[in-house]
Amino acid sequence: MNRSLIFAIAGLSVAAWSIGVPASVSAQTAPTAPKPAAPPAANATPDGPPAAEAATNGPPMPVMLVTSVEVLRSDRTGGLDIVRARGLVSSSDWAEPHLLPINHGDPVDGMLNLIFQANSPASVVPLGPFMVVEALLPIENGHPYKGIIVRSGTNAIAVKTLPGYAEITPPKEDCSKCRGKYFQAKGAPAPAGAVAADIVREEDLPYALRIIRPTDGIPNYVMDPNRLTLVLSEDGRIADAAWD
């Protein structure tokens, strides 16, 4: 891919930035009597400054789901195509969503492949509602692409005519209220005596799942922020759950 054609990547759908500016000193004040030294900070080391805080984000990873892709075209100032992608992540702990081109050389099919990714959470994320993220990628006029494919961690959306638009229906279940409900595996009958409102169906969870039943071991605990882990109780209910 001709990477010189791609000259900017824009991020968050909603972002708030604040910049702290230290106040300038305009006049010298009269000296005052020395004050007792303040006690050391709770996380200070004996011979140095406070220890560095833990990282708030993990490495960039594909977002959980891409829900829409739009390519806008402007004829001003030489022409410009802008790729606008929207998607879902498991929590507000994701940051700086962006579109990453992954083509090598001019594609045979004329499609520009993009990964929709963001800085992932640094640790396990509890259940909660999905968060919408958005990213923009401007492309200079004269590019060789006839279409765009945007890929997430679980799906892909193609726009085959430029400009153009494509979308999918977002999943109905974010599992934010799954705990305590019965889990119904694909192809299995509904739990006896349980009403529909108290059942979570596997087919309504179109993302990576790890189901841990009472007799299951756990061969590894490698972090995957796009995977939902469900721990089942003896009676088939969801006893615990998290994005990990």
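Please treat every number below as a calculation from the coordinates, not as lab data. Fair warning: this is a prediction, and the values are worked out from it, not measured in the lab. Heads up, the Cβs are rebuilt from the backbone with ideal geometry, glycines too, and the neighbour counts pull from every protein chain shown.
Can you work out the PRE-style zone for Ser92? Point 7 Å along Cα to Cβ, and I want the residues of the range 118-162 with backbone N under 19 Å. Within reach of a label on Ser92: 118-135. Cα centroids of the range 225-243 and the range 82-117: 30 Å apart.
Got a sec? Which residues in the range 200-231 would a label at Glu173 touch, if it sits 7 Å along Cα→Cβ and we count backbone N under 16 Å? The answer is 200-213, 227-231.
Taking amide hydrogens as placed 1.01 Å from N in the peptide plane, the amide H of Asp240 sits under 5 Å from those of Val231, each at least 5 positions away in sequence or on another chain. Using only alpha carbon pairs under 8 Å that are at least six residues apart, calculate the relative contact order of the range 182-243 and give it in whole percent. Reported as a whole number, the value is 30 percent. For Thr169, Thr67, the sequence from fewest to most other C-beta atoms within 10 Å is Thr169, Thr67. Residues Phe130, Phe116, Phe183, ranked from the fewest to the most other C-beta atoms within 10 Å, line up as Phe130, Phe183, Phe116. Within the straight-line cut-off of under 19 Å between alpha carbons, the aspartates and glutamates reachable from Lys146 are Glu70, Asp75, Asp81, Asp106, Asp109, Glu167, sequence neighbours fewer than 8 places apart in one chain being disregarded.
With neighbour counts taken as other beta-carbon atoms within 10 Å, the residues His143, His98, His104 rank, fewest first, as His104, His143, His98.
Close amide H partners of Arg210, meaning residues 5 or more places away or on another chain with modelled amide H under 5 Å apart, are Leu228, Thr229, Leu230. Given a Förster distance of 22 Å, report the FRET efficiency between Thr77 and His143 from their Cβ-Cβ distance, rounded to the nearest 0.05. Computed FRET efficiency for Thr77 and His143 comes out at 0.90. 3J(HN,Hα) couplings calculated from phi for the range 99-106 with the Karplus curve 6.51 cos²θ - 1.76 cosθ + 1.60 (θ = phi - 60°) are, in sequence order, 10, 10, x, 10, 5, 10, x, 6 Hz; Gly and Pro show x.
Calculate I(q)/I(0) for the range 89-218 by the Debye formula, one identical point scatterer on each C-alpha and no solvent, and give its log10 at q = 0.09 Å⁻¹ to two decimals. Log10 I(q)/I(0), no solvent term: -0.41.
With 0.36 nm allotted per residue and the present C-alpha distance subtracted, the Arg210-Met111 stretch has 32.3 nm of extension available.
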